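Structure, as C-alpha cells:
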Amino acid sequence: MQQQTGIQTNPVAALGRSTISFVNSLGDIFLFFLEGVRLIFSSPKQLTKIIRQMYFIGSKSLFVISLIGIFTGMVLGLQGYYTLVKFGSEGLLGAAVSLTLIRELGPVLTAIMITGRAGSSMAAEIGVMRISDQIDALDVMDINPMAYLVSPRIAASILCFPLLTALFDVIGILGGYLTGVTMLGINSGVYFYRIDTSVVMADVAGGFVKALVFGIIVSTISCYQGFNTHKRTDSVGPESVSNSTTAAVVLSCVLTLVSDYVITSFLL
C-alpha cells in the first residue's frame, strides 16, 4: 500500500503523465484540424457558411483592428523617433515603423485581438451548443457537426487573418506618419522613401505566412475547446463553457507567440 502511494506521488511519474496527456491533446487537436479542413470542400453549401463567418470574423473586427493599428503605429513612431534621434538617425523612422509592423506586431497583435473578439465567441457558442445537446441533435438529423460548425470557421479565419493583418500594417504605418511627420516634423518624403527602400517582398510574405498560421491556430483551438466542452473534468454545465472559453483564449495567445518565435527563426 505504501509502495502504491509512493508511485502516485512520484513527481517524475506525474511529469510523465502530464507530458503524455499534453502530447495526446496536441494529436487530438491536429486530427481535429485535418478533419475540419477536409470537410471545407464537402458541399457547395459550405460557401454560404464561410461567407457568414467571414462577416463575423473579418468585417466585425475592422473597427477594433483599425483602432489598435492606428495607436500602435503612433506609439512606434513616438518611441522610435526619440530612440533614433539619439543616434542622429531619425530619418530611418519610416523603415523602423514599417518593418516592426510588417514582420512582427501586425500579425501578432491582429491575432491576439481577433482571439479576444471572435475566438472567445466561437468557443462559447459551440460550447453552449454542446452542453444543450444541439450538436447531438445535428447528428440525429444526419448533419455533420464538424462540417456545419467547425469547417466554415477555419476557412473564414484562413481567409480573414491575412487581410486584417494587411489592414493593420497599413493603418499602423499611417499612425507612424501622423506622429513622426505631423507632430515631430520629419520630412514626409524621407519617411515614405525609407519605407520603399527598406521593405521587400520577403518581409510582406513572412508577415502573411505568420497571419495564416495564426488564423489556423486561433480557429482550431477555439473550435476544439468549444466542441469538447462536455469532456472537461474540472467543471460541468455553464461553468465548463466559461472554462473552455478561457482555455481557448489563453492557449491561442500562448501558441500564437510560440509559433511566432518558431516561424521567425526559420524566416531570418
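The values are calculated or read from the model by the stated rules, or taken from the named source; none is laboratory data. Quick caveat, the model's predicted, so the values are computed rather than measured. Here the Cβ positions follow ideal geometry from the backbone for every residue, glycine too, while neighbour counts run over all protein chains shown.
Selection of the range 226-248 for residues being of a type in the set (S, T, N, Q), exposed (fewer than 14 other Cβ atoms within 10 Å of the Cβ) and in contact with a helix residue (DSSP H, G or I) (Cβ under 7 Å, 6 or more places away or on another chain) yields only Ser235. Ile20 fulfils the conditions (1) more than 30 Å from Thr179 (Cα to Cα); (2) under 21 Å from the mean Cα position of the chain (by Cα); (3) of a type outside the set (S, T, N, Q) except for a single criterion, (2). The C-beta contact set for the range 127-143 (first residue in contact (Cβ under 8 Å) with a residue 12 or more places away in the chain and under 12 Å from Ser240 (Cα atoms), second residue among the small types (Gly, Ala, Ser) and outside any helix (DSSP H, G or I), distance under 7 angstrom, 6+ apart or interchain) comprises Ile131/Gly237. I'd like the residue in the range 207-225 that is over 22 Å from Arg38 (Cβ atoms) and crowded, with 20+ Cβ neighbours inside 10 Å and, out of all such residues, is nearest to the chain's Cα centre (by Cα). Among those residues, the one meeting the criterion is Ala211.
Yes/no per residue for (1) at pLDDT below 90; (2) surrounded by 10 or more Cβ atoms within 10 Å (Cβ to Cβ); (3) assigned to a helix (DSSP H, G or I):
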| residue | (1), (2), (3) |
| --- | --- |
| Gln3 | yes, no, yes |
| Gly16 | yes, yes, yes |
| Asn24 | yes, yes, yes |
| Gly27 | yes, yes, yes |
| Gly36 | no, yes, yes |
| Ile51 | no, yes, yes |
| Gly73 | no, yes, yes |
| Leu76 | no, yes, yes |
| Ala95 | no, yes, yes |
